[in-house]
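Engineer: Pasting a structure below so you can have a look.
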Amino acid sequence: MLDKLQIVKQRFDEVSDLIIQPDIITDQKRYIQINKEYKDLSAVMKIAEEYESLLNNIAEAKEIIADGSDEEMTEMAKMELDEATSQIPGLEDKIKFMLIPKDPEDAKNVIVEIRAGTGGDEASIFAGDLYRMYTKYCSDKGWKTEVEDISEGTSGGFKEIIFSVTGSDVYGDMKFESGVHRVQRVPQTETQGRVHTSAATVMVLPEAEEFDVELKTSDIRVDYFCSSGPGGQSVNTTYSAVRLTHVPTGLVAQCQDQKSQHKNKEKAMKVLRSRLYEQELEKKLAADSEKRNSLVSSGDRSAKIRTYNYPQGRVTEHRIGLTLYDLSNVINGDIHKIVEELKLAENTEKLKELGEVL
């Protein structure tokens with residue numbers, strides 16, 4: 001462990017020197033990367049100092065015990081040895097998790113797509129509930145959300161809503177939300193009081209930067225049309241809504257949320273770029289899943305990942321067998337525990353891969 005920490009210390013010293021270099025400061029992209037690495041390494045070094053201090057305390061205590069000339073000092077040393085020794089395993093586990101190579105995608109902002117699935121109007125209402133859940137969660141994390149495109153349901157909620165999330169390490173937390181979310185409850189439209197099962201699909205795409213995906217103008221077909229609202233009524237009579245089709249892949253992105261044609265095109269382009277980027281990411285995830293049982297179901301839109309059971313006030317996270325009887329708080333945005341448990345499960349899987357490297 002100490003050998004591994006020495007390598008980290010060397011890199012930390014290098015990064016500490018790099019971050020103040022003028023050519024790094026003027027290169028915004030490079031500076032953001034270096035600054036992020038500096039913060040990550042700083043956190044490791046803080047734990048490393050605590051770990052080394054404990055090892056020194058253990059060594060000193062053993063020396064005093066071996067000497068044995070002062071009975072009172074020996075007793076104190078034994079107590080200190082027991083206390084320090086008991087803290088070592090926990091710190092070593094913490095360091096191992098911190099040394100797991102981070103996925104470069106984790107630092108990215110995201111595009112979230114929520115679509116009503118089986119269940120008719122109730123599925124649209126549930127899609128609206130999920131949207132509110134995520135916006136509250138994002139607000140708790142200090143992240144900013146912005147609607148990119150929207151299609152409202154006939155009885156409330158959304159047939160589809162696409163929104164972006166910007167902040168620190170957004171994809172690292174949000175990536176676990178991709179998949180089918182299922183709700184079991186009595187719909188507002190149900191007169192007999194029977195429990196129905198409905199579903200909504202969530203897709204979380206890492207937002208692609210311009211340098212991540214090469215989009216040729218010649219490959220994109222642009223269509224302009226009038227925005228419309230629920231029931232098909234016209235919202236405005238100008239051709240402000242934009243639909244972009246990437247001809248080589250057939251991928252489509254559209255936006256009608258803004259009154260400005262230019263802004264709608266800009267937003268649609270952001271979504272299209274992220275969908276193209278996600279295609280490449282799917283291939284990577286497919287390759288990864290051959291090595292490990294990945295919890296990130298970006299490539300599998302049919303994977304049922306979570307059930308929200310209203311009669312029992314229960315939320316079940318199927319991938320890790322986690323059940324919480326705290327539905328009201330979860331649906332109000334408190335998904336922190338679920339996300340942390342999923343991250344822990346993923347990191348534990350990665351530790352198994354690393355084996356004895358650490």
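The values are calculated or read from the model by the stated rules, or taken from the named source; none is laboratory data. As the structure is a computational prediction, the values presented were derived from the model and not from experiment. Backbone-built Cβ (ideal geometry, glycine too); neighbour counts: all protein chains shown.
Engineer: When you scan the range 144-186, how many residues do you find that are out of contact with any His (no Cβ under 8 Å at 6 or more places or on another chain), assigned to a strand (DSSP E or B) and of a type in the set (Lys, Arg)?
Structural biologist: The total comes to 3.
Engineer: Kindly list, by first and then second residue, each pair from a residue in the range 119-145 that is more than 21 Å from residue 194 (Cβ to Cβ) to a residue that is in a helix (DSSP H, G or I), limited to pairs with Cβ atoms under 7 Å and residues at least 6 apart or on different chains.
Structural biologist: If the second residue must be in a helix (DSSP H, G or I), the pairs left are 143/170; 145/135; 145/138.
So that you can scan it fast, the table gives a plain yes or no per residue for (1) touching a helix residue (DSSP H, G or I) at 6+ places or on another chain (Cβ under 8 Å); (2) closer than 30 Å to residue 177 by Cβ; (3) surrounded by 13 or more Cβ atoms within 10 Å (Cβ to Cβ):
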{"residue": "54", "(1), (2), (3)": "yes, no, yes"}
{"residue": "69", "(1), (2), (3)": "no, no, no"}
{"residue": "72", "(1), (2), (3)": "no, no, no"}
{"residue": "77", "(1), (2), (3)": "yes, no, yes"}
{"residue": "87", "(1), (2), (3)": "yes, no, yes"}
{"residue": "107", "(1), (2), (3)": "yes, yes, yes"}
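Engineer: Take the conditions over 22 Å from the mean Cα position of the chain (by Cα), outside any helix (DSSP H, G or I) and polar (S, T, N, Q) and apply them to residue 53. Does it pass?
Structural biologist: no
Residues are listed down the side, and each one gets a yes or a no for (1) at pLDDT below 90; (2) in a helix (DSSP H, G or I); (3) over 29 Å from residue 109 (Cα atoms); (4) aromatic (Phe, Trp, Tyr):
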site	(1), (2), (3), (4)
8	yes, yes, no, no
20	no, no, no, no
24	yes, yes, no, no
33	yes, yes, no, no
45	no, yes, no, no
73	no, yes, yes, no
85	no, yes, yes, no
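Engineer: Mind telling me which of the residues 123, 116 ends up being small (Gly, Ala, Ser) and farther than 30 Å from residue 262 by Cβ?
Structural biologist: 123
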